[in-house]
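Asker: Here it is, the structure, as structure tokens.
The numbers here are math on the coordinates, done by the rules we state, and not lab data. Computed from a predicted structure; not experimentally measured. Methodologically, a virtual Cβ is constructed for each residue, glycine included, from the backbone with ideal geometry; neighbour enumeration extends over all protein chains shown.
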Amino acid sequence: MRRVHVQGVGRLPPAVRNVPSYATGPAWDEPQWSVAGPDGPELLTPAALDEAEMVQAVTAAALADAGLSRDDVGFICSGSNDYHQGRPFSFVMALDGVGCWPPKRESHVEMDGAFALYEAWVRLQHGDVDVALVYAYGRSSLGPTDEVLSLQLDPYFLAPLGPPPIALAGLQAQALVDAGLATEADFAAVVARAWRAAADDLYTSVSAELVEDRMLLHPAVASPLRAHDQASFADGAAAVVLVAEGAGPAIEGIAHCIDPMDFGTRDLTTSRSARLAHAAAGGGIPEVAELHLRFSPEALILRDALGLEEALVDPTGGTLPSDVPMVSGLTRVIAATEHVRGGAGRALAHCTAGPCLQQNLVTLLVAP
Amino acid sequence: MSDSDHTHETAPVTRFKAPTRLDYTVTAAAVTADFLRHILEQRLVGRRCPVCAKVYLPPRGVCPTCAVRCHEQVEAGHAGTIDTFSVVRIPFEGQVLEPPYVCARILIDGTDAPLLHIVGEIAPEEVTLGMRVEAVWDDRPLPTLARVRYFRPEGGTP
């Protein structure tokens, strides 16, 4: 097995463009992204950049961070989704951002960029390519993200009913409550902690004053879940440069497992696929973990499945305050990379896809 | 959900309809917005790549060859040369023009990547490769490429 290193990272921080109704904190400014201009960095609103410019900004930053240029890259893999972008073949247009000459081996997954990273890691195991550039972009603000996610359900029984994601997450949350494994106050505590941590995170532009004992007074949207239990959707992009036998945090293991599509056939109070993926990636207890959460109860399920203490999880605030569909998983890898660069010996990055934690991808990073 | 022509109780369901609809609000990024503002003023303004110096019209935010952002705006001419063309002879849904008509790639003077547009005021069989054409502006203030109604042979119909 070739040892693959995360040698460079780049990102446009999540920009939450629709202020959630429960945000009662300081006025939200229009988020801005810093990108390279003709005379140094310039600040632009997310709407000012097209997808190719977003991709250019993060891939150029990741290559510079890795000390490499496009000439060094042997494989490019990206993650995005046309249904989030609202146009066919959007990933082809975004390819402008990485340039076409000289041509590179290139691939795309209709998944989060963390899955593109997985494909790139596998590609580097072939041995003929040493450097892979991975990127992902998402602009959920263009379309009805909840409806897009509903359409990924099975087309015969569930998709025609069009349940919003929070309705399915509500089933999972209620299963936890019924089993005596969690209370609504536990869910609120997860959310409040995430927003507190996000306020201190360099890459999060969001803040909201959530007072824990008042959160339960908010009406339920999908009982027992409230609006704040769902992640706020955001726009963003991220890129990672992987180098076989390179420098920087190394990928100890990476694995992806899937639970059955039919909710009726699995125990919603646990995540067998997350546990198996974690074990396949190397298992054990990391010093820090960055989880991809779309709903607060998922934090409790994942902590249990992965054997994590609360204090180890999501010191950046994670994805509840700002979730960029197709990007958040790759951003978890970047956050884990930064923890290892900052001195952590071992960091876990998690990415989920599908309803109720159906799919789980676990990446374990270790100090070189 | 099953089709109404399934009259027999035990007839298998062979199909059902599950219509879906998703609505998006797609906004033009700054580079495209600049282009559309200029076209309202009856100007064709592209962007030059700082590395390979190619001028793109419509402008592109990133040079697709060099992967660098294009900042410099370049005023292009209102005439150009037909690079290649096709005669559209069949009707299709959503068609705006009456067939037959000519769809052409036109290399606008001062640019390096051809623009796709319509050639008018000339019989399709008389259009040739390398033909010089000029923009005929639409009177309506349209913030789209339809602000140019079509291109016609330079100097008017031959």
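Asker: If you take the charge dipole of the protein assembly as shown about its Cα centre, with +1 on Lys and Arg Cβ and -1 on Asp and Glu Cβ, which of A:52, A:129, A:14 is farthest toward its positive end?
Answerer: A:129
Asker: Using a simple charge model, +1 on the beta-carbon of Lys and Arg, -1 on the beta-carbon of Asp and Glu, nothing else, what dipole does the range B:30-153 show about its Cα centre, in debye to the nearest 20?
Answerer: 440 debye
Asker: Can you give the angle from 0 to 90° between the axis of helix A:328-341 and the longest principal axis of chain A, with both taken from C-alpha atoms, to the nearest 10?
Answerer: It is inclined by approximately 70 degrees.
Asker: Between residue A:71 and residue B:86, what is the FRET efficiency for a Förster distance of 45 Å, r being their Cβ-Cβ separation, to the nearest 0.05? Write out the running numbers ahead of the final one.
Answerer: Working: r = 38 Å, r/R0 = 0.83.
So, using R0 = 45 Å, E works out to roughly 0.75.
Asker: Karplus couplings for the range A:234-245 from phi (6.51 cos²θ - 1.76 cosθ + 1.60, θ = phi - 60°), rounded to Hz, Gly and Pro as x?
Answerer: 9, 9, x, 7, 8, 8, 9, 10, 9, 10, 6, 6
Asker: List the GluC sites (Glu not before Pro) in the range A:297-368 that DSSP assigns to loop (not H, G, I, E or B) and whose Cβ has at most 16 other Cβ atoms within 10 Å. Which are they?
Answerer: On the way: sites: A:298, A:309, A:310, A:338; in loops: A:309.
Loop-located and lightly packed - A:309.
Asker: So what's the Cα pair-distance distribution over the protein assembly as shown, bin width 10 Å, in %?
Answerer: Per 10 Å bin, starting at zero, the Cα-Cα P(r) for the protein assembly as shown comes out as 4, 17, 25, 22, 16, 11, 5, 1, 0 percent.
Asker: Another one. For the range B:30-153, what is the relative contact order in percent, using Cα pairs closer than 8 Å and at least 6 residues apart in sequence?
Answerer: This gives 23 percent for the range B:30-153.
Asker: Select from A:170, A:69, A:340 the residue farthest towards the positive end of the dipole of the protein assembly as shown; place +1 on Cβ of Lys and Arg, -1 on Cβ of Asp and Glu, and compute about the Cα centre.
Answerer: A:69
Asker: Based on the Cβ-Cβ distance of residue B:52 and residue B:145, what FRET efficiency does E = 1/(1 + (r/R0)^6) give at R0 = 30 Å, to the nearest 0.05? Present the calculation step by step, with values, prior to reporting the outcome.
Answerer: On the way: r = 24 Å, r/R0 = 0.81.
FRET efficiency, residue B:52 to residue B:145: 0.80.
Asker: Further question on the same structure: Suppose the Debye formula is applied to equal point scatterers at every Cα of the range A:135-180; what is log10 I(q)/I(0) at q = 0.16, 0.28, 0.33 Å⁻¹?
Answerer: The Cα Debye sum returns log10 ratios of -0.58, -0.96, -1.08.
Asker: Sticking with this structure for a sec: At 222 nm, what helix-only mean residue ellipticity would chain A give, in deg cm²/dmol to the nearest 500, using -39500 (n - 2.57) for each DSSP H run of four or more?
Answerer: Working: 11 runs with 112 residues, N = 368.
Helices in chain A give a 222 nm mean residue ellipticity of -9000 deg cm²/dmol.
Asker: Can you tell me which of A:215, A:261, A:54 moves the most in a GNM of chain A? Springs connect C-alpha atoms under 10 Å apart.
Answerer: With Cα springs under 10 Å in chain A, the top fluctuation among A:215, A:261, A:54 is at A:261.
Asker: If you don't mind, another one. Suppose we keep just the DSSP beta bridges with both residues in chain A; what percent of those would be antiparallel, to 5?
Answerer: So the antiparallel bridges in chain A amount to around 75 percent.
Asker: With charges only on Cβ, +1 for K and R and -1 for D and E, what is the dipole size of the protein assembly as shown about its Cα centre, in debye, rounded to 20?
Answerer: 580 debye
Asker: In whole angstrom, note down how far apart the Cα centers of the range B:70-121 and the range A:296-342 are.
Answerer: The distance from the Cα centre of the range B:70-121 to that of the range A:296-342 comes to 50 Å.
Asker: Can you pull the one-decimal nm distance between simple spin-label points at residue A:30 and residue B:24, each 7 Å off the Cα toward Cβ?
Answerer: 2.2 nm
Asker: Let me ask something else. If one takes the longest principal axis of the Cα atoms in chain A, at what angle in degrees, from 0 to 90 and to the nearest 10, does the Cα axis of helix A:51-66 lie?
Answerer: That helix lies at roughly 70 degrees to the long axis.
Asker: Another question about this same structure. Distance from a point 7 Å along Cα→Cβ of residue A:179 to each backbone N in the range A:277-296: keep the residues under 16 Å and list them by number.
Answerer: Inside the label zone: A:296.
Asker: Along the range B:23-39, what does the Karplus equation 6.51 cos²θ - 1.76 cosθ + 1.60 (θ = phi - 60°) give for ³J(HN,Hα), rounded to whole Hz, x for Gly and Pro?
Answerer: 10, 10, 10, 9, 9, 6, 6, 4, 5, 6, 4, 4, 4, 5, 5, 5, 5
Asker: Starting at the first residue of the range A:266-278, write each ³J(HN,Hα) from the Karplus equation 6.51 cos²θ - 1.76 cosθ + 1.60 with θ = phi - 60°, in whole Hz, x for Gly and Pro.
Answerer: The phi angles translate into 9, 7, 6, 7, 9, 10, 5, 5, 5, 5, 5, 4, 4 Hz.
Asker: Which one, B:77, B:52, B:42, projects farthest toward the positive side of the charge dipole computed for the range B:30-153 from Cβ point charges (K/R +1, D/E -1)?
Answerer: B:52
Asker: Would you work out the relative contact order for chain A, in percent, from Cα pairs under 8 angstrom that are 6 or more residues apart?
Answerer: 25 percent
Asker: If R0 is 45 Å, what FRET efficiency do you get for residue A:216 and residue B:93 from their C-beta distance, rounded to 0.05?
Answerer: Calculated transfer efficiency: 0.25.
Asker: Further, regarding this structure: Would you work out the Kirkwood radius for the range B:30-153? I mean one over the mean of 1/r across all pairs of different Cα atoms, in Å.
Answerer: 15.1 Å
Asker: Using 13 Å as the cut-off for backbone N distance, which residues of the range A:331-351 belong to the label zone defined by a point 7 Å from the Cα of residue A:125 along Cα→Cβ?
Answerer: none
Asker: While we're looking at this one, here's another question. Magnitude of the Cβ-charge dipole of the range A:206-327, K/R +1 and D/E -1, about the Cα centre, nearest 20 debye?
Answerer: Magnitude of the dipole: close to 300 debye.
Asker: With a cap of 16 neighbouring Cβ atoms within 10 Å, and only residues DSSP puts in a loop, list the GluC sites (Glu not before Pro) found in the range B:89-158.
Answerer: Answer by residue number: B:93, B:121, B:154.
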